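Structure first, commentary second.
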Amino acid sequence: MQHSRIGVSADDAIFGSVRVTWNDNPVAHLYTSTVELINQSMKDYESVIVRVFTNDTILLIERTEIVGTTHFLSWSDDYAAKLTVPEGQRPTMDQQSLYGRQRDYIIPTMNRGQVVRFQFLNAAHTEAQPSIWLDVLHKGVKLKFRVPRNEILGVSQPTAAISGTVLGFIFIGFVIVYAENIWSAALAAFLFGLFAPIPGAYFVKVWRRIRDWSAG
């Protein structure tokens, strides 16, 4: 989850005031927040209902995408029905409250490795960063929260580093057996250790491809 603060309302008795408004109502703390849902299982899923909810900010404008495609998400039928406003009328207080704290989407197909991205313009209730959560209730699906990490070739740095370390021990074994002298062995070990996360990342990517292929 990533948050970017893009606006704040403030009053200054000397230099004046700054106003950020939504439907003519002042917004104290305006953020853009991004949340991603990734299918890291070995299965493909259909008709997955995803709930986005919060209790410390107001969800305003939304943008969704199934990464790598031209498709975006639609609201679930049940959620859309709750927010249906008859022609010529305005949303009720309950509808406005539901829209501001929760969204329900349907993902038609979520293949293994697929990334679904949610982006919201939102107004936090306090100066603290907002919290926006996902909830999925679907057979065979278990949702886990993970903090975003830097990546190497699409693989998280800790995973790439661990894989590189394991490969490093194997590499050192070959160096000990085949190196002609201690200096060449030391240099080879140093260079591999310096760039170990890169071969580690490649190894993870190849292993994932083999895993997905073997799973059909």
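The values are calculated or read from the model by the stated rules, or taken from the named source; none is laboratory data. A quick note: this is a predicted structure, and the numbers were derived from the prediction, not measured. For neighbour counting, all protein chains shown are included, and Cβ atoms are generated from backbone atoms with ideal geometry for every residue, glycine included.
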**OP:** Could you run through region 113-129 and say how many residues are out of contact with any Asp or Glu (no Cβ under 6 Å at 6 or more places or on another chain) and either over 14 Å from Arg63 (Cα atoms) or surrounded by fewer than 21 Cβ atoms within 10 Å (Cβ to Cβ) (or both)?
**Re:** 10
Original post:
Among the residues of region 181-195, is there at least one that is among the hydrophobic types (A, V, I, L, M, F, W, C) and in contact with a Pro (Cβ under 8 Å, 6 or more places away or on another chain)?
Top reply: yes
Original post:
Looking at this structure, is Gly113 in contact with a Gly (Cβ under 6 Å, 6 or more places away or on another chain) and at pLDDT 75 or above?
Top reply: no
Original post:
So which residues in region 37-59 are assigned to a strand (DSSP E or B) and basic (Lys, Arg)?
Top reply: Arg51
Subject >> Thr64 being crowded, with 18+ Cβ neighbours inside 10 Å and touching a helix residue (DSSP H, G or I) at 6+ places or on another chain (Cβ under 8 Å) >> reply: no
Original post:
Is there a residue being in a loop (DSSP other than H, G, I, E, B) and either in contact (Cβ under 8 Å) with a residue 12 or more places away in the chain or in contact with a His (Cβ under 8 Å, 6 or more places away or on another chain) (or both) anywhere in region 161-169?
Top reply: no
**OP:** Looking only at region 115-127, decide whether some residue is more than 14 Å from Tyr31 (Cα to Cα) and in contact with a helix residue (DSSP H, G or I) (Cβ under 9 Å, 6 or more places away or on another chain).
**Re:** no
**OP:** Evaluate the following for Thr109: is it in contact (Cβ under 8 Å) with a residue 12 or more places away in the chain and more than 25 Å from Ser131 (Cα to Cα)?
**Re:** yes
**OP:** Please identify the pairs in which a residue from region 45-71 that is within 28 Å of Ser97 (Cβ to Cβ) and assigned by TED's automatic domain parsing to the domain that holds Trp22 has its Cβ atom under 7 Å from the Cβ atom of a residue that is part of a loop (DSSP other than H, G, I, E, B) and of a type in the set (Ser, Thr, Tyr), counting only partners at least 6 apart or on another chain.
**Re:** Ile49/Ser76; Thr54/Ser131; Asp56/Thr126; Asp56/Ser131
**OP:** Among the residues of region 170-216, write down those that are farther than 21 Å from Met42 by Cβ, assigned to a helix (DSSP H, G or I) and not aliphatic (A, V, I, L, M).
**Re:** Phe171, Gly173, Phe174, Tyr178, Trp183, Ser184, Phe190, Phe192, Gly193, Pro197, Pro199, Gly200
Original post:
Name the residues in region 68-89 that are exposed (fewer than 13 other Cβ atoms within 10 Å of the Cβ) and over 21 Å from Asn122 (Cα atoms), would you?
Top reply: Gly68, Thr69, Thr70, Asp77, Asp78, Ala81, Thr84, Val85, Pro86, Glu87, Gly88, Gln89
Subject >> Of residues in region 170-216 being under 30 Å from the mean Cα position of the chain (by Cα) and of a type in the set (A, V, I, L, M), the one farthest from Gln114 (Cα to Cα) >> reply: Leu194
